[in-house]
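Below is one structure; the comments refer to it alone.
The values are calculated or read from the model by the stated rules, or taken from the named source; none is laboratory data. In this text, all values refer to a predicted model and were calculated from it rather than measured experimentally. As a convention, Cβ positions derive from the backbone with ideal geometry for all residues, glycine included, and neighbour counts pool all protein chains shown.
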Amino acid sequence: MSANTISIGGSAVLYDFTTSNTMAYGTNAMKALTGGVFGLYGGDVNRSGIVNNADRSLIISANLQSGYKSEDANLSGIVSAPDRNFATNNNTKGTLVPALTNTPLKVNNIIKTQAGD
């Protein structure tokens, strides 16, 4: 989630989260990476708002599953040890990104749930 409201109008919008740790919403929401860029913390696979042992357990349970899995924290296409490392290394890191709910959203006058229904 961006730190500020972005007007999208009728055209594509480019928003580069990597340029500053203040580009994302919240305090300490991003991590400094090599090369002077920033990235979001990974590993909150259960979308609880904090990376913890529950996420790690879900990743371990899904080990070696392939496809589009929420436990695939590094988006490699397979759940494996590097995904578990995200949850381990980012343990106790929080996020202010809203949790996935079935709350209806109105987008272009079409009502959808966040689950895609």
Quick one: in the range 48-71, of everything that is among the small types (Gly, Ala, Ser) and outside any helix (DSSP H, G or I), which residue is modelled with the lowest pLDDT? 49
Give me the pairs, please: first residue somewhere in the range 83-95 and on the phi < 0 side of the Ramachandran plot, second residue anywhere and assigned to a helix (DSSP H, G or I) and surrounded by fewer than 19 Cβ atoms within 10 Å (Cβ to Cβ), beta-carbon distance under 7 Å, and either six or more positions apart or on two chains. 84/60
So, residue 16, is that one free of Cβ contacts under 8 Å to residues at least 60 places away in the same chain, surrounded by 13 or more Cβ atoms within 10 Å (Cβ to Cβ) and among the acidic types (Asp, Glu) or not? no
Of the residues 54, 73, which is over 14 Å from the mean Cα position of the chain (by Cα) and without any contact (Cβ under 8 Å) to a residue 40 or more places away in the chain? 54
Flag if residue 6 is outside the structural domain of residue 85 (by TED's automatic domain parsing) and on the phi < 0 side of the Ramachandran plot: yes
Collect the residues in the range 19-65 that are under 19 Å from residue 81 (Cβ atoms) and among the β-branched types (Val, Ile, Thr), keeping them in residue-number order. 45, 51, 59, 60
When you check residue 32 against the structure, is it at pLDDT 90 or above, out of contact with any helix residue (DSSP H, G or I) (no Cβ under 8 Å at 6 or more places or on another chain) and among the hydrophobic types (A, V, I, L, M, F, W, C), yes or no? no
